[in-house]
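Structure first, then comments.
The values are calculated or read from the model by the stated rules, or taken from the named source; none is laboratory data. Keep in mind it's a predicted model, so treat the numbers as computed, not measured. Heads up, the Cβs are rebuilt from the backbone with ideal geometry, glycines too, and the neighbour counts pull from every protein chain shown.
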Amino acid sequence: MPLDTSAYSLALLRVDGRRWNELRRVHAQIRTQAAADGSSYLEMGHTKVMCVVTGPSEPGARRGGTTGGAGGGGNNAAEVSVTVVVAGFSSVDRKRRGRGDKRNLELQSTISNALAASLHTHLYPHSTISISLHVLSQDGSLLAALINAATLACVDAGIPMTDYVVACTAGSTSTYAANDEDADPLLDLNHQEEQELPSLTVATLGATDRVAVLVCESRVQASRLEGMLAVGVDGCKQVREILDRVVRDKGRKMVSEGTVERGIGLESMDLD
Amino acid sequence: MPREAEPSLNEKQFVLQALKEDVRLDGRDLDQYRPLELTFGDQHGVAEVTLGKTKVLVKTSAEVTVPYPDRPLDGIFTIATELSPMTAPSFEVNRPTETEVLLARLLEKTVRRSGALDTESLCLVAGQKVWSVRVDVHVLSHDGNLTDAACFAVVASLRHFRKPDTSMEGGVLTVYTPAEREPVPLSWLHSPFCISWSFYGDMGEIAVLDATWVEEQVRVGSCTISLNRHGEICQIAKLGGTPVEAVALLQCTSVALAKAKELSGLLDTKLAEDAKRRDKGGLLAELSAENDR
């Protein structure tokens, strides 16, 4: 075991001083790249990711291996193609991952399928929405951060969508072997906790209880799932609030700066 | 790049409408598997699984190699998945499709990451000699639900497999042939099974087990849950698709647990049957001079 979390039961504080139901600091920005159709930058604790969205645009020459391939292949609906680039300096050990890395391909396909279900891709037949994600720093909850960043960038790109796809992770203080009933579920795990404790990534559609992505890669008692899922879904609602605030703040700022015109029916919008 | 032929519009609508009325094309219940058949080959570690028209052949083999330098005490365990053009024309050799990558990842997470095989027991001489166990998955025919069939076949093959016995004496490693010493089974810790749900309807409210190829083509989402009979979840993968109510997913998990127990029971009886078939009294029977005369 790389780390001793047994201290948790004494003070009910986690290794970074959080309570069981607290998120790490989420900091997000949208429209960070002026040249892109949509872009975002998101930090969840020390996990930092950047996202650039191009499109919906005419599909270019197909590049093998990088496409997510969801959304019907570009006939009746736009194809959402996702590339994830993990920077070599993003984690402690400098590991090179090739383009054909299966974990990376799985990440791309997951993000692509999750967003394709929320984006109104049917409005853009014969086109491609390409989402390019860059991981700058990794400290757990990577998939969740990537999904959140991609959602923000899609909002910035102005692609119609049903609701935000928001994600966060949840874990449990019990190991798979222990059947202790007083184990607490935990919200938003960092890298250390992810290494040691069972965890899952949940992505929901906005503030509803509908789960778009559920990924669990560790062994855990089936009875633990309910608690972890409940905490995860609740965390997603908190994340949605945060992301929504980011989008609204940016919009308000752009209107007050005169970058964009105030929309019809928004006269009552308060500009602070 | 050849594309998979899609079912026609009529076919899609027919399947969907039927599912909305709780009817499946082959007359099964929504949570019923197709007949699952498992046969072992003459060699140890060869398992063939048929699930309706889906057919998977798995072979396990082992050889002695040098361990990875960063893991000197662990044996090597790899699962190689191959979807050849024989399975379906859209699969190509040496160019893994998304299906293949996701299948390989699922098997890896279910069997390898969950620690089903004790890799430390594969170590012979620390840092120098370890067993390298390789599982080759060949999909012979694809009619939906590859994951469940492949996972079942992999677990069956690994539990059926026997590796040559070895001994260490005075720094000399001896690997015995099957004639010298009876081969030994792998050190197996638990048997995980994949259970795949497919979702249909606008809200993903219809959940179906063991989808056929046509049903897989029209589904709006899927969720694969891996469990063992002790009620431990080894892996859950709902990779995108239409969002499904969290409560429904919990319900799916509890049904999946029952199914995993069923599969576990089936595998145990099949293994026992096969052991009985092979058991001719062991080495003693072979050495005995008695005959029928």
List every residue pair whose Cβ atoms sit under 8 Å apart, with the two residues 6 or more apart in sequence or on different chains, where the first one lies in region A:132-144 and is at negative phi and the second, anywhere, is assigned to a strand (DSSP E or B) and among the acidic types (Asp, Glu).
none
Within the bounds of region A:186-197, is there any residue that is more than 20 Å from residue B:113 (Cα to Cα), without any contact (Cβ under 8 Å) to a residue 12 or more places away in the chain and either among the hydrophobic types (A, V, I, L, M, F, W, C) or part of a loop (DSSP other than H, G, I, E, B) (or both)?
no
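Give B:144, B:115, B:127 a once-over and let me know the one that is within 14 Å of another protein chain (Cβ to nearest Cβ), small (Gly, Ala, Ser) and in contact (Cβ under 8 Å) with a residue 12 or more places away in the chain. Walk me through it before giving the result.
Details: B:144 fails: within 14 Å of another protein chain (Cβ to nearest Cβ); B:127 fails: within 14 Å of another protein chain (Cβ to nearest Cβ).
From the options B:144, B:115, B:127, the qualifying one is B:115.
Each row is one residue, and each column tells you yes or no for (1) farther than 16 Å from residue B:96 by Cβ; (2) modelled with pLDDT of 70 or more.
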position	(1), (2)
A:63	no, no
A:69	no, no
A:76	yes, yes
A:87	yes, yes
A:97	no, yes
Filter region B:117-163 down to residues that are out of contact with any Cys (no Cβ under 9 Å at 6 or more places or on another chain) and among the hydroxyl-bearing types (Ser, Thr, Tyr) and give me whichever is nearest to residue B:266 (Cα to Cα).
B:157
Filter region A:198-227 down to residues that are assigned to a strand (DSSP E or B) and of a type in the set (Gly, Ala, Ser) and give me whichever is nearest to the other protein chains (Cβ to nearest Cβ).
A:212
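The rows are residues; the columns are (1) within 14 Å of chain A (Cβ to nearest Cβ); (2) within 28 Å of residue B:104 (Cα to Cα).
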position: B:5; (1), (2): yes, yes
position: B:15; (1), (2): no, no
position: B:25; (1), (2): no, no
position: B:32; (1), (2): no, yes
position: B:38; (1), (2): no, yes
position: B:54; (1), (2): no, yes
position: B:59; (1), (2): no, yes
position: B:63; (1), (2): no, yes
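Among the strands (runs of 3 or more DSSP E) contained in region B:180-252, which hold 1 or more residues that are out of contact with any Ser or Thr (no Cβ under 9 Å at 6 or more places or on another chain), touching a residue at least 40 places away in the same chain (Cβ under 8 Å) and at the interface with another protein chain (Cβ under 7 Å from one of its Cβ atoms)? Let's see the steps before the verdict.
Numbers: elements: B:193-200, B:206-209, B:221-227, B:232-238.
Strands (runs of 3 or more DSSP E) meeting the threshold: none at all.
Taking the stated definitions as given, is residue A:200 in contact with a Cys (Cβ under 6 Å, 6 or more places away or on another chain), more than 21 Å from residue A:55 (Cα to Cα), at pLDDT below 95 and crowded, with 24+ Cβ neighbours inside 10 Å?
On the way: in contact with a Cys (Cβ under 6 Å, 6 or more places away or on another chain): yes; more than 21 Å from residue A:55 (Cα to Cα): yes; at pLDDT below 95: yes; crowded, with 24+ Cβ neighbours inside 10 Å: yes.
Taking the combined requirement at face value, the residue satisfies it.
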